[in-house]
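Have a look at the structure below, then the notes.
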Amino acid sequence: MHPIWLRNSLLVLFCFCGLLFAQNPKLPNIAVSDFTGDATVTPEQLQFISGKMAAELLASGAFTVLERGRMQTILREQGFQQAGNCSGSECQVQIGQLLGVDQLVTGSLVKFGPTYMVRLDLLDVGTGRILKSVDLQKKGELYEIVVELCSEAAQKLAQSSSAATPKVNVPSGAVPVQGKSHSWKLPVAIGLGLAGVGGLVLGKLADQKMVDYRTTYRNFPATTSQTNRDITWENAQNEQSKRNLFYGVGGALLALGLTVQFVF
């Protein structure tokens, strides 16, 4: 194959793959540290709230969240013990580094009269800087408001991420519909793209053969039989048909790959 055509084919493939991956930005990789609280909240309640907050942040679509059980396992394997108060930024940064995450969510829950107040901080593990803080308060008994409190606080925190996707509020009593998984889109789109580029390559090969046959036909000496002339011209026409077919199919497969990725 001619070097220029090979280069152009690779360029088409790279551009196609670039379009596919451009739609899939990397989500921040985060973990939710154990919450702290005052005397009105038990350690068991704080553990539940930390886990609920992690689930809500994952559901927001703005983050990749480290599973809580995996988080505890990593900390145990690293020999880290959260003895005493670990609310300081240095301690939290150490936790985030051990977990290998980009950001760490810390939280505290306190009660003032009939009102519970929760505060979330999104900490950058690399710099130790607080990227976002969220404060929220709710009146009522903790068992009545804990789910709503976690949901609203997580959504506010998720709004700080450009990758956040809106969360649809399901009316009380309604049965949520399980969304379709689209994890198949990228590999299918890449497969169609590769097949499309392959079609264009085959089309170019057929085009080159067609040119060769036509050149041979025009350069036949006068003594060449009419049968050989007819066979050569027919071969040229066949290669032209193949070229058109391969170009059409290749272009259609590239378009279909982009449609699969960006429309479905």
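Values quoted throughout were computed directly from the atomic coordinates according to the rules given, and no laboratory measurement underlies them. These figures come from a predicted structure and were not determined experimentally. So basically every Cβ, Gly included, is an ideal-geometry build from the backbone, and we count neighbours across all protein chains shown.
For this structure, a couple of remarks:
- Looking at the range 29-158 alone, DSSP beta bridges between its own residues are antiparallel in about 75 percent of cases.
- Taken about its Cα centre, the range 29-158 carries a charge dipole of about 80 debye when Lys and Arg each add +1 at the Cβ and Asp and Glu each add -1 at the Cβ.
- Taking the average, over residues, of other Cβ atoms within 10 Å as the packing measure, peptides 194-203, 129-138 rank 194-203, 129-138 from highest down.
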